[in-house]
Structures are given as C-alpha cells and as structure tokens.
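Accompanying notes for the structure given below.
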Amino acid sequence: MMKEQITPEFLFLHRRELIQKGFLLGMASVFPKWAFGATSFPAKKNEKYGLPDKDLVLTKEDVATSYNNFYEFSLEKGEVKTKVEKWNFNSKDWKIEISGLVEKKKSYSVEELCELAGGIEERIYRFRCVEAWSMVVPWTGFPLARLIEKLKPKSSAKFVKFQSFSDQKIGSNMSELPQYPWPYTEGLTLAEAMNPLTLIATGMYGKTLPKQNGAPLRLVTPWKYGFKSIKSIVKIEFTDVQPKTLWSSLAPAEYGFYANVNPQVDHPRWSQATERILDSSFFPKRKPTLMFNGYEKEVADLYKGLDLAKNY
Amino acid sequence: MSLKIRNLKSSLFRILLLVPAGYWVYLIGSGSIGVDPAKTLNHKTGEIALYYILFNLLLGILISFSFRFPVFLRFLLMQRRFVGVLSFVFLIFHIFLYLTMEGFETKAWTQLVTKTYLIFGLGAWIILFALAVTSNDFSVRRLGVKRWKRFHRLVYIASALFTAHILSIEKTDLIKYGSLLLSLWGLQIIRVLWVWRKKRITRKVINAKQV
C-alpha cells in the first residue's frame, strides 16, 4: 500500500463529522438561513473581534471551563465544574424577565432574545479577573445594544440591572453564604450597556455555554473585571438609579460599581499592575495589565471627567 | 515501655501527619491540581501549616487543663517539635510559591510595604523560622531547658501575627478561619484564667499550711 493511500488520521477520526458538515453545506446552499441562522452553533466569526493581540494565544477550552468563580456553587474555582453537575438544567425552560423603564416588558426565552437581537456571532475577548489572572476567550453571543434597541427603554432609564437566579435548589452553595445579598446582581450605565463591546454570551468555543460558565446566557464586558460579567441571567431591569451590585454591597472598599480594569488602581489587598495568564502551568506567563484591559480606544470616552481612582 | 514500640508508634504518627502532603503531591503528579497550581498550593500549604500549628497550640492548652499527664498526652507532647518543624517546612513552600506568583522581581517587595497582611505574615514566618532552627536537642542543651522554653513562647506572638495575616487576606473563607482562630484565642484566654486561678489556689493552700 502506498503512503498516499492511507487515510490521514485527522480525516479518519472526523469522518462522520465531515459527512455531516458536507451535508449541512449542501443544504445551506439551498436554504441559506440554516447556515447563517440566527441562533445556530458554531456562529459566524466577527472578524473585527479576532485575537486581540498577536502575542496572545487562545486559552485552552478545558482551562476556561474548569476554573470558574461561581460562588452559588462553590468558593473553589476548580470545584464549580463538578458542583454544577447536579443542576438539572434545560435551556428551553429558561426565561429572562425584561422589566423596569422599558416598553417591551415581557419574559423571553433565550432563543427569542437571540432572534430579537438579530442573531449571534463569535468574538474573541481578553478576560481579566479582579484576582489578577487572565484568559483569552472566544465568546458567542450578541451585542447587548442590538437587544436594547429592540426593547425600547424609556428616556428616564439610566442604568441596566442584571440579576442571576435566586433558586437555592440550583445554587447549592448559596445557603452556605447567608451573609451574601443573593441573588447575584450587577449593573451597567445605559451608555456602557449600549457600547458595541458589551456582549450577551450564549456560548463559548463554538458551543453553548457550559453550566459552570453561566449557562444559558451571561454578560461579557471585557474592559471590566470579570465579576461584572454576571452569569446565568434571569432578569434585566432598566432603572433610573444606580443598581446595588452584590460585590459592591458586600465589600464596598474593594469592589466598586464601575470595576474597570485599571493597572493604576490597586485592589486593597493586591496589585493590579500585572496579570498572570492562566494556562494550568506552574509558572504562568505574567504580563502588564492594560488600561481598560486593552479596550481603551473603545470605552475611554464613557469615563471622561470621571476620577477613576475614586470611581473604581 | 520498650524504645522500639515507642519508635514505631512515633513513626506511624509522623507518616500519618504527612498524608495531606502526600495527597497534594499525588494531585500534582496526576495533573489534577487545576488551572492555577501555584495559587492553589500557596493557599493549601498555608492552610496545612496552620493546622499543624493549631495542633501544637491546642496540645499546650490541653496540658494546662489536665492534672495528670495521661500516656497519650505524653506521647503527643514528644511529637510537638516534629510537628512544629513540619509546619515550617510547609511555610517555606508557602512563601516560595507566593514569590513565584508575584515574580521575584521588584513587585513582591514593593507590595510588602503597602499590603499589611504581608507584613503580618512575614513577621510570623521570621519567628517560626527562629523556632524551627532551634528545634533540636543541641539548641535545647545550648540554651538550657528553661531559656529554650521561654524562647519558644514566641509562638504566641507568631500566632497573633498569623491570625492577623489570615483575617486580613481571607475573604471567601473568612467564616471558617475566623471561627477557628477565634475559638483558639477564646481557649487561650480561658487557659490563662485557669492557670492563674490554679496558682492562686495552690498559694492559698501553701499559706494555710504555713499558718
């Protein structure tokens, strides 16, 4: 047998997938909506948001999906992945309530929100945790601005408040932390929410969001510390007062409302000047943290005239 | 009791003490240590060292409350030096891992001045270092039992420092460590009162006899 006659391992291992993809490609040429459908995975890549820096590498999927701050399940980041297994989750049953100063007050399914926002796309963002570690993650979702336009907030709306589930049967660790003002609550100014960077993610790495990363949908604000990117949203409310967020209520001296990534403003207990790019190695690479996590061009205008040392 | 049985017992006890370390070495070896091994181990080495020191401190408290020394207490008492040195070995790793995380460059040192928990921690570490290097027969002989004992009472200052260190860095597990350390200090206070009362009673008895 000649060398050329041997099926390459890659093709052999993916033969079924290749047939499927070939079939889909064929069908897509007949029914274009299948390929560029509003909500199917994997979504189209938005080339404008590719790898943010040529020196960066995409965080490995199993790293990003096995190191999660999700206190509703566990305080241990490595443990959340196993703790969520008990969560009997079905995306189809998930409802997101839209309320407050907005015209289209209603409960939507994830699918409905994605369709309303005009479909999903893939974007690669830097992800910087307030604990001074970072990752680079390909998210799938839609820009929040496109949804907000469709929901038509009233002119009196100045803030957007997000809430996660309050069901203690889901979050098995919530009762262990009675001093926490559950449910997890986050907020953005309306201008921040309308910024083109602000994403509502329904997936990552070309698949739907794993439970530990905030299924079925979460916020992603890449210029802010990770805790702003609230997971498993059940309620989006438009308000005229600045929402009280969980972390700023719990430790106001350490976590502010804005939580913009800022290498010049230290956390009271550690420096924010640099970050460790996690890749499960013993000595992860360290790099200087960028102002607004490298998104200064896109978001600096939002904070003109604001003292960022006071409004951390 | 023969020396052999005692040696066997103490060897078994010491192996038992090393079980948690073995478990973590196993986790590293099997690659299931997680995404941020240095951070995880930094936390774990600190935690394990804390338990060893608490063991020693609780033993001291137990001894104050017991009128006669049961055999098991006498046995554990003989292990105290080993446990103490072991805790310091963990604290060497604890600091080393912190330095790898924060970078050996300038950063760790500039943070030392601004972050108070680091000052508390380093203070405790220096004291425990001094206690660890004098935890051998040679040092006991050199200093004399009385002076050696007095010197090793520095452990109480160290424990005040590591209490401050832990309570000012911990946020997520504050309740766990807070209750642990608070009960330790509660017991210490009761112990001081108890010893003080016992002394007063013996003095009274002696006085009464003299009359």
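The values are calculated or read from the model by the stated rules, or taken from the named source; none is laboratory data. In this text, all values refer to a predicted model and were calculated from it rather than measured experimentally. Every residue, glycine among them, receives a Cβ derived from its backbone with ideal geometry; neighbour counts consider all protein chains shown. All accessible areas refer to the heavy atoms of the entire protein, side chains included, with ligands and DNA or RNA removed. Shrake-Rupley method; radii C 1.70, N 1.55, O 1.52, S 1.80 Å.
Against the definition (modelled with pLDDT under 90, of a type outside the set (F, W, Y) and crowded, with 19+ Cβ neighbours inside 10 Å), how does B:G103 come out, yes or no?
no
Hey, which of the helices (runs of 4 or more DSSP H) in the stretch B:1-88, taking only ones fully inside, have at least 1 residues that are free of Cβ contacts under 8 Å to residues at least 60 places away in the same chain and polar (S, T, N, Q)?
By residue number, B:3-17, B:37-65.
Test of understanding: among B:R81, B:R142, which residue is away from chain A (no Cβ under 14 Å), open to solvent by 50 Å² or more (accessible area, probe 1.4 Å), of a type outside the set (A, V, I, L, M, F, W, C) and within 22 Å of B:T45 (Cα to Cα)? If you could, list the steps in order and put the result at the bottom.
On the way: B:R142 fails: within 22 Å of B:T45 (Cα to Cα).
Exactly one of B:R81, B:R142 is away from chain A (no Cβ under 14 Å), open to solvent by 50 Å² or more (accessible area, probe 1.4 Å), of a type outside the set (A, V, I, L, M, F, W, C) and within 22 Å of B:T45 (Cα to Cα), namely B:R81.
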- Would you be able to say whether some residue in the stretch A:228-240 is in contact (Cβ under 8 Å) with a residue 12 or more places away in the chain and within 14 Å of another protein chain (Cβ to nearest Cβ)? no
- Please list, ordered by first then second residue, the pairs with beta carbon atoms under 7 Å, 6 or more apart or interchain, first in the stretch B:126-141 and closer than 14 Å to B:A158 by Cβ, second surrounded by 15 or more Cβ atoms within 10 Å (Cβ to Cβ) and among the charged types (D, E, K, R). B:S135/B:R81
- Please find, within the stretch A:85-97, the residue that is least open to solvent (accessible area, probe 1.4 Å) out of those that are in contact with a strand residue (DSSP E or B) (Cβ under 8 Å, 6 or more places away or on another chain) and not small (G, A, S). A:I96
- Residue check, A:G305 against (1) in contact with a Pro (Cβ under 8 Å, 6 or more places away or on another chain); (2) at positive phi; (3) open to solvent by 10 Å² or more (accessible area, probe 1.4 Å), all met but one. Which one? (1)
- Scanning the stretch A:47-62 residue by residue, those in contact with an Asp or Glu (Cβ under 9 Å, 6 or more places away or on another chain) and either open to solvent by 70 Å² or more (accessible area, probe 1.4 Å) or modelled with pLDDT under 95 (or both) turn out to be A:V57, A:K60
- Selection over the stretch A:256-272 where residues are touching a residue at least 40 places away in the same chain (Cβ under 8 Å) and facing chain B (nearest Cβ under 8 Å) yields a count of 2
- Query: Quick check: is even one residue across the stretch A:278-286 more than 17 Å from the chain's Cα centre (by Cα), of a type in the set (A, V, I, L, M, F, W, C), crowded, with 20+ Cβ neighbours inside 10 Å and within 11 Å of chain B (Cβ to nearest Cβ)?
  - Reply: yes
- Message: If I filter the stretch A:76-84 for residues that are away from chain B (no Cβ under 14 Å), in contact (Cβ under 8 Å) with a residue 12 or more places away in the chain, crowded, with 20+ Cβ neighbours inside 10 Å and closer than 30 Å to B:T40 by Cβ, do I get at least one hit?
- Response: yes
- Message: Return the residues of the stretch B:169-198 that are open to solvent by less than 40 Å² (accessible area, probe 1.4 Å), part of a helix (DSSP H, G or I) and within 14 Å of another protein chain (Cβ to nearest Cβ); say none if nothing qualifies.
- Response: B:Y177, B:G178
- Failed item in (1) away from chain A (no Cβ under 14 Å); (2) surrounded by 12 or more Cβ atoms within 10 Å (Cβ to Cβ); (3) not basic (K, R), with B:I5 passing the rest: (2)
- Item | Selected residue (criterion: surrounded by the most Cβ atoms within 10 Å (Cβ to Cβ)) from residues of the stretch A:171-192 that are under 13 Å from A:I233 (Cβ atoms) and out of contact with any Pro (no Cβ under 9 Å at 6 or more places or on another chain) | A:Y184
- Unmet requirement for A:P252, which otherwise passes all of (1) open to solvent by less than 20 Å² (accessible area, probe 1.4 Å); (2) more than 8 Å from every other protein chain (Cβ to nearest Cβ); (3) at pLDDT below 95; (4) under 28 Å from A:D167 (Cβ atoms): (1)
